[in-house]
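Here, each number is a calculation from the coordinates, and none is a lab measurement. Since we're looking at a predicted model, the values are computed, not measured. All Cβ positions, glycine included, derive from the backbone under ideal geometry; neighbour counts span all protein chains shown.
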Amino acid sequence: QVQLQESGGGLVQPGASLRLSCAVSGGSFNIYSLAWFRRALGKELEFVAFIMWNGEKTIYADSVKGRFTISRDNGESTMYLQMNELKPEDTAVYHCARRRFGATANENDVSYDVWGQGTQLTVAS
């Protein structure tokens, strides 16, 4: 069974940088399109970034464009989210997810069928 596990969250001050990781096991990593979502306290799940299985396409939410970079390392079966210039509004539990085969709505959580448990990011002074 395919499993996703996030890591790298923590407590940082505004303006800091941090990199999240999503390790994928139990499947063929190189054929999976993947995405990051986040859920802030008291809010619904929010799309953050997407990367196509072959790396040819990436998508970012407007709120993180220019600050976050999504990437993948096929050799390590790991997806990353490099986060720069972090803001308090970025505070959330960050989840990685695998897009289901045939899905096209890359920014919609209904397109994803396997999810990690999440890693907490807190940005505060």
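In a Debye calculation with equal point scatterers on the alpha-carbon sites of the range 74-125 and no solvent, what is log10 I(q)/I(0) at q = 0.14, 0.18, 0.21, 0.27 Å⁻¹?
Debye curve over Cα of the range 74-125, log10 I(q)/I(0) at q = 0.14, 0.18, 0.21, 0.27 Å⁻¹: -0.50, -0.77, -0.94, -1.10.
With loop defined by DSSP as not H, G, I, E or B, and exposure as at most 16 other Cβ atoms within 10 Å, which is the longest segment of the chain clear of exposed GluC sites (Glu not before Pro)?
No qualifying site falls inside 1-43, the longest such stretch.
Nothing charged except the Cβ atoms of Lys and Arg (+1) and of Asp and Glu (-1): what's the magnitude of the dipole of the range 22-93 about its Cα centre? Round to the nearest 20 debye.
Using only the charged Cβ atoms, the result is roughly 80 debye.
Scattering from the C-alpha atoms of the range 30-125 alone, worked out with Debye: what is log10 I(q)/I(0) at q = 0.10, 0.17 1/Å?
Per q value, in the given order, log10 I(q)/I(0) is -0.24, -0.71.
Between Gln13 and Met52, what length comes free when the chain is fully extended (0.36 nm per residue of separation minus the Cα-Cα distance, one decimal in nm)?
Full extension from Gln13 to Met52 adds 10.9 nm.
What does DSSP give for the chain in terms of the percent of beta bridges that are antiparallel, rounded to the nearest 5?
Taking every DSSP beta bridge with both residues in the chain, the antiparallel ones total about 90 percent.
Find how many whole Å separate the alpha carbon centroid of the range 42-77 from the alpha carbon centroid of the range 100-121.
When both Cα centres are located, 11 Å separates them.
Subtracting the Cα-Cα distance from 0.36 nm times the residue separation, let me have the gained length for Ser28 to Ala105 in nm, one decimal.
Between Ser28 and Ala105, full extension yields an extra 25.6 nm.
With +1 on each Lys and Arg Cβ and -1 on each Asp and Glu Cβ, and nothing else charged, work out how big the dipole of the chain is about its Cα centre, in Debye to the nearest 20.
Charge dipole of the chain: 40 debye, to the nearest 20.
Relative to the Cα centre, what is the charge dipole magnitude of the range 74-120, using +1 at the beta carbon of each Lys and Arg, -1 at the beta carbon of each Asp and Glu, and rounding to the nearest 20 debye?
200 debye
What net charge is computed for the residues neighbouring Ser25, neighbours being all others with C-beta under 12 Å from the C-beta of Ser25, Lys and Arg scored +1, Asp and Glu -1?
Local charge sum for Ser25: 0.
Let me have the relative contact order for the range 9-125, percent, based on Cα pairs under 8 Å that are six or more residues apart.
Once divided by the residue count of the range 9-125, the mean separation gives 35 percent.
How much length, in nm to one decimal, is gained on full extension between Gln5 and Leu45, taken as 0.36 nm per residue of separation minus their Cα-Cα distance?
12.6 nm
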